[in-house]
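The values are calculated or read from the model by the stated rules, or taken from the named source; none is laboratory data. Computed from a prediction, not measured in an experiment: that's the story for all the values here. Note that we place each Cβ from the backbone using ideal geometry, even for glycine, and neighbour counts take in every protein chain shown. Surface accessibility is based on the protein's heavy atoms, side chains included, excluding ligands, DNA and RNA. Shrake-Rupley method; radii C 1.70, N 1.55, O 1.52, S 1.80 Å.
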Amino acid sequence: MPTPTLPRWTDGVRREVLPNGLTVLVQRDRAAPVAAVVTHVKAGFFDEPDRWIGISHVLEHMFFKGTPTRGVGQIAKETKAAGGYLNAHTSYDHTSYFAVLPAARLPDAVAIQADALMNAALDAGELERELKVIIQEAKRKLDNPGAVTHETLHEVMYDRHRIRRWRIGYERDLAGFTRADVHGYYATRYVPSRVIIAIVGDVDEEETLALARRTYGGWAAGDGAVDPSPGEPPRREVRARTLRGDVTQAELGLGWRGVPALDPRAVPLDLAAGVLGAGRGSWLYRALRETGLATSVTAHHYSPTELGVFSIGADCDAERVEPVLRGIGDAVHRLVSEPIAAEDLERARTLLLTRWSRRMEEMDGRAAALASAEAMADYRLLDREFDQLARATAEEVQAAARQVLDPEAVSAVVYLPRDRGEDLDATTLASLVRPRALPAGQGTRHAAPAVRPARAPVSPVSEAGVLHEALPAFDLLVRRKPGVPIVSLGVYLPRASFDPPGQAGLGALAVRGAVRGAGGYDAAGLALAFERLGGTLGPVVGLDWLGLGATVLAPRLGEAATLMDLVLHGADAPDAQLEAERRLLVEETTQAADDMFRYPFQLAFAAGFGGRGYGVPASGLPAELATLTPADVRAWQRAALAGARGIVVAVGDLEPEAALATLGGVFGGHAARPLITLRNPVSWVLNGTPVSQAVSRQKAQSAFALAFPGPSRRDPSRHAAEVWSAVASGLGGRLFEALREQRSLAYTVLASSWQKARGGALLSYIATSPEREVEARTAMLAELQRFAEERVTAVELAQATQYLAGQTVVQRQSAAALAGEIVEAWLAGQGLEDITDPASHYLAVTADEIRDVAARVLGGGTPVFAEGVVQGAGGGK
C-alpha cells in the first residue's frame, strides 16, 4: 500500500527571535477565515520544586484573572466580544494559552493575550478564591478513574523524576500557596526567552510579524530560573499496585520507561503503539475488544522532553483482569519476536498520518504543533518527525520495541471496585506478561472491495456551498473544504421511533454489530480494509439518527463509500460476534455511572421523560441490553438499516461534482425509501412540578444537572436560547462569575441549550464538595431565575452575539465539524438554509427575546425542571 502524499506542515512559516529573546512563528493558511494565537511557555510540572507542586497550573488559572488595565473576567469577555474563545492547558514541560477567532480580529487577540502574559495582576484576594476552585478541580480529578490510574502508574514507574507526582497538587499544598509563591514562579519562568508566540491563520505574514514586534518587543528580557527534575536511575524490575474505590469496572494501566522526544526511537515507538492499539484492526483491539474481554484498549508512547512512557490501558470487568493482562503480554511478545507484517505496519502508519493531518486542520492545532516543535528543537522538527513516521521500517519499529518493552521492566496499576476482583502483585503480573507460545493468527485479510462505476449526477442543486443530489434511497450532500487532503464521510438514517420498550440499546447494538461482519468480511477484515484508507469505521449512535462515519484520505473516497454501503446493507456478523458486542455494551453502559459529568444528565433526562424517548440513553440500559438476542438484532437491521431514506455527507478536499458521481455510483442502485422528518414532539412527564433522580456514591464531589423543557432544533426561539447559553456560561459568563469566580463553589459550572429534532431543554450543571451541595444548588437556581426576571445588559448581549457569530466561522475549520453541521441542519433543522448565514440569526437576537425564552422556560413561581444528582460521600440536601 503506497504511503499517502501529504503536505509539508511548515511550508511558509516565518520565524523571528525578538531582541528580548521571545520567538515568533507566523504561518498563513487560507483554508478558513480564522486565526489562532498560541502562547507557549516553556514551564510546566517538571519545573516545579516539591514545595510548589501544582503551581504551574495555578498560574494558568491566574493568567485569566486580570491585569492592571483589564479587570477580573475582562480578558474572557473581550475575547468573546471579538468572536473568539480562549483556553489553556498545563503539561509536564510547558503551559499553553490559545485564542481562536475570526482572522479580522487578530490584533484584538494579540493585544489581550500579550497583556495577560506580560502584566498578570496575580491579586492576592483573587488567588485565594481561585485556589478554592482548583481544589474543586483536584477533587473532580480524584473522581476520574482513568486519571487516577495513569498518574499512579507514573508514580509506580519512577522513583525520583517529577513525572511521578500527582501533577495538579494536593489540597493541603494548594491551600497554602501565597501570592509571593505564584509571583515568584511567574517572574522566573514567564520571561521572553522561554516564550514562543505561534500565529496561524488567514493573515498577512509581514503585518503579523510587525504586530508581534510592536506588541512584545518592549517586554524586558530576563534570566529564567532553571530548576530541573532529579534524574532517574536505571531500573529493571516488575512492579504492580492495586487501588480500590467506588468504580463499576476495572481500570488497568501498564507502562514501560520509554525514550525522550528527540531520541531516534521515539517515532518508531509511536508506530509500535499504532500496531498494537490504533484502530479496530490493531492487535490489541482484535485480541481484547473484539473478543469481548475489554470494553476499550489503547496504546501510546508519550515523550515530554527528557523521558518517555510507553503505556497500554484497558477497561474491563474486574473478573477479567488476568486474561486481559495475558492478552496484552501476548501482543507485546509478538511485536518484539515475530516479523511485523507489511500490512499491519502500513495500516498503522496510514492511520497515524491521517490522524496527524486531522490535528493540523484547525489553526490552533497547527500553531500548537509548531510551537511545541520549536520548543523541543526548531519548528522544522514537525516535518522531520512526519517524514520519519512515513518512512520508518518494520525493522526499526521492532528494534525500538525490543529495547523498551522488556517484560522484566513492566509496571502496572489496576483500579478495582471495592468488593470485586483480585489484587495484582508483581509476581502475578510477571507471570501474566511472561512470553509464551503465541496464539494462532487473528482475523481474515481481504482485498479491497471493487468500487462501483461512477455515474453522472442528475440535476444536482447547489445551496449554501453544498452540492445536493436526490437518489431514490439517499440524499447526497457534498461540500468542498480545501486544505488537508482528507474527507469526512458519513451515512445517516433518521430514527422514526426509539428502541422498543424493554429493549433499550437495540439500535446501538444493531449498528455496532454491523461493523463486526458484512458482505463476507469478518470484523478484522472490515477493520483492515477500512483502515488502509486512513480512517477507522465508526458506528454513529444517537437518539435522532444512526449511521456510520469516518475520515479518510481524499483519494480513497470511493473505496470508503463502498465499504460503508456494504456494512449498511450486508451486515452478517455471526451470533458469537453479536453476543460479544452485547456484553461489551452492557459493561460500557454500566461504567457510565462512573462519569460524574454525563451520569447526572442521564438521571435528569430519565426523570424528565419518564424513562422513554429522550429519557433513555442511545447506548441503552444494562438490564435491558442483557436480554437482547442475535435474532432481535438481525430483525432490527432488516427493518431499520434499509427502511428509511438516508443521507450521505462528504466534506473535504475534493471536487464536488466528481465526488457526487462517485457516491452516486455506490448508493444509486437502492430502491426508493420513505422520507422521515422527525417532527413529532417527544413529551416530558413533569406535570407542573420538578422531578428528581438521585444516587449516592463514594465520590469526592457531588454533581447535579438541571433540565428545563425548552426550544427544540426547529423552534423559532432556538437562537435566543443559544445566546442565553453564551451569556450564562463559559469564561466570563454569569454562572461562571457568580458560582465559580465569586463563591469558588466549583471548577465545572455550565449552562447550555440542548436542541434535538423532537425536543429541547435549557441545561445547567455544577459539581462541588458535598458539604456545599445545598449552597451550590440554591445559588444556581437563583442565578437562573434572574434571567427570567431581568433583561441581559447591552454589553452581555453584544458579547454573546458577537461570540456566537464568530464561532460560526471558527467551528468550520475542520471537515468533520462542517459535515456535522450539514447533518444536523438536514435531519433536525430546516435544511441547508440553516447553514447559509448562521451568524445573522445570532446577531439579530434581542434582549427581550432572551428574557422571553428564560421567562417561559426558567420562570414562574415554581420553575419546572428535571434534576439528576450524584451525591458524593457525606453529600445530601
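The value obtained for region 1-76, namely the Cα convex hull volume divided by the number of residues, is 229 Å³ per residue. Set the Förster radius R0 to 25 Å, insert the Cβ-Cβ distance between T242 and A623 as r into 1/(1 + (r/R0)^6), and round the FRET efficiency to 0.05. For T242 and A623, the calculated efficiency is 0.30.
Along each principal axis, taking the top coordinate minus the bottom one, the Cα set of region 381-522 gives 69, 54, 32 Å in descending order. From most to least packed by mean Cβ count within 10 Å, the peptides 768-778, 749-759 give 749-759, 768-778. Calculation over all alpha carbon pairs of region 557-635 in 5 angstrom steps from 0 returns a P(r) of 3, 13, 18, 18, 15, 14, 12, 7, 1 percent. Here the Karplus relation 6.51 cos²θ - 1.76 cosθ + 1.60, evaluated at θ = phi - 60°, turns the backbone of region 690-698 into coupling constants of x, 10, 8, 10, 9, 10, 10, 9, 7 Hz, with x for every Gly and Pro. With a Förster radius of 30 Å applied to the C-beta separation of S193 and Q388, the computed FRET efficiency comes to 0.55. Applying Stokes-Einstein at 10 °C and 1.306 mPa s to the Kirkwood radius of region 680-820, computed over alpha-carbon pairs, gives a translational diffusion coefficient of 95 µm² s⁻¹. Here the spin labels are modelled as points 7 Å beyond Cα on the Cα-Cβ line, and at H183 and S91 they lie 3.1 nm apart.
With the charge dipole of the chain set up from +1 on Lys and Arg Cβ and -1 on Asp and Glu Cβ about the Cα centre, the Cα lying farthest toward the positive end among the listed residues A287, A261, V13 is that of A287.
A cut-off under 13 angstrom between Cβ atoms defines the neighbours of V541, and their net charge, with Lys, Arg +1 and Asp, Glu -1, is -2.
For the pair region 299-359 and region 714-729, the centres of their Cα atoms are 43 angstrom apart.
Could you work out the local net charge near V247, counting Lys and Arg as +1, Asp and Glu as -1, over the other residues with Cβ closer than 13 Å to its Cβ? Overall, the nearby charge balance is -4.
Secondary-structure-derived ellipticity at 222 nm for the chain, considering helices only, amounts to -12000 deg cm²/dmol, per-run term -39500 (n - 2.57) for DSSP H runs with n ≥ 4.
In this rough spin-label picture, where each label sits 7 Å from Cα along the Cβ direction, the R434-Y170 distance is 3.7 nm. Ranked by the mean number of other Cβ atoms within 10 Å of their residues, highest first, the peptides 187-198, 840-851 fall in the order 187-198, 840-851. Here the peptides 783-790, 853-860 are ranked by packing, the mean other Cβ count within 10 Å, and the order with the highest first is 853-860, 783-790.
Over all other residues within a Cβ to Cβ distance under 9 Å of R366, the charged ones net out to -3, with Lys and Arg as +1 and Asp and Glu as -1. Our summary of shape: the Cα atoms of region 114-233 have principal axis extents of 49, 37, 31 Å, ordered from largest down, in whole angstrom. Dividing the mean sequence gap of close Cα pairs (under 8 Å, 6+ apart) by how many residues region 692-832 holds gives a relative contact order of 27 percent. A convex hull fitted around the alpha carbon atoms of region 597-675 yields 178 Å³ per residue. The charge dipole of the chain, taken about the Cα centre with unit charges on the Cβ atoms of Lys, Arg (+1) and Asp, Glu (-1), comes to about 720 debye, rounded to the nearest 20. Taking all protein chains together, S311, S692, S702 sort by accessible area into S692, S311, S702, largest first [probe 1.4 Å]. Relative to one another, the C-alpha centroids of region 799-859 and region 601-667 are positioned 24 Å apart. Amide H contacts of I486 (H built 1.01 Å from N, in plane; Pro and chain starts excluded): A554, D653 sit under 5 Å, all sequence-distant by 5 or more or on other chains. Computed extension length for Q698-A794: 30.1 nm, one decimal, from 0.36 nm per residue of separation with the Cα-Cα distance subtracted.
Full extension of the chain between A592 and A635 yields a length gain of 12.7 nm, computed as 0.36 nm times the residue separation minus the alpha carbon distance.
The distance between label points at R235 and V17 comes to 3.7 nm (points 7 Å beyond Cα on the Cα→Cβ vector). Taken over region 474-534, the percentage of Cα pairs per 10 Å bin, counting from 0 up to the bin with the maximum distance, is 15, 32, 35, 15, 2. Taking the inverse of the mean 1/r over every pair of distinct Cα atoms in region 21-116 gives a Kirkwood hydrodynamic radius of 14.3 Å. With a Förster radius of 35 Å applied to the C-beta separation of R455 and A642, the computed FRET efficiency comes to 0.95. Between region 47-82 and region 84-133, what is the separation of their alpha carbon centroids in Å? Answer, in whole Å: 5.
Measuring max minus min along each principal axis, the C-alpha atoms of the chain give extents of 69, 67, 60 Å (largest first). For region 61-218, the relative contact order comes to 22 percent (Cα pairs under 8 Å, sequence separation of at least 6). Using only the C-alpha atoms, the convex hull of region 159-215 corresponds to 173 Å³ per residue. Using every pair of separate Cα atoms, the Kirkwood estimate puts the hydrodynamic radius of region 764-865 at 16.3 angstrom.
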